[in-house]
Each structure stands twice: as structure tokens, then as C-alpha cells.
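Only the coordinates and a few stated rules stand behind these numbers; no lab work does. Since the model is a prediction, treat every value here as computed from it, not as a measurement. All Cβ positions, even for glycine, are placed from backbone atoms using ideal geometry, and neighbour counts span all protein chains on display.
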């Protein structure tokens, strides 16, 4: 099973909140007007758009495709490596 637009959106939202940014700030800094649509899973971001979000958030684009939970147990890992 592949990753869903909602899962990508949840990850973008979490990374944004971890950096104390609003959706407006992220949209302005990335030049994307679709940040809210991506975060709510109503729209997949393009590779180019996700790349711009990743740059602003200071992560590699792959961060949007990794879960913070174990795929089988659904539990959060004990330690999550921070990008940077």
C-alpha cells in the first residue's frame, strides 16, 4: 500500500508545527498557495512543490514520506532523529 495524500499532509503539518510556523508563513516562504490543501490531504503536492516545502522546513523531501509511527505497531519510536 502506498502513502496517501493525507499522510503526506499530516507530515507536512507536523514538520511545520515543529518549527512554530503558520500555514501562511510556510506558503509565503515556499511560494506555494496550496499549503492548506496539501496539509488537509485534498491535494498531492507536486515534486517541485514538495521540494520547496522541504527546503523551507529544512528537511529532505523524503521526510514527507516517512511515518513517525512504526508501520506494524502504530507506536511512535522511542527516538526520532531531527533533520538538521
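Give me the one-decimal nm value for the distance between modelled label points at residue 29 and residue 55, 7 Å along each residue's Cα-to-Cβ direction.
Between residue 29 and residue 55, the label points sit 1.3 nm apart.
Quick check: from the Cα gyration tensor, does the range 5-65 come out rounded (a/c under 1.5), prolate or oblate?
Details: a/c = 1.18, a/b = 1.12, b/c = 1.05.
Since a/c stays below 1.5, the shape of the range 5-65 is classed as rounded.
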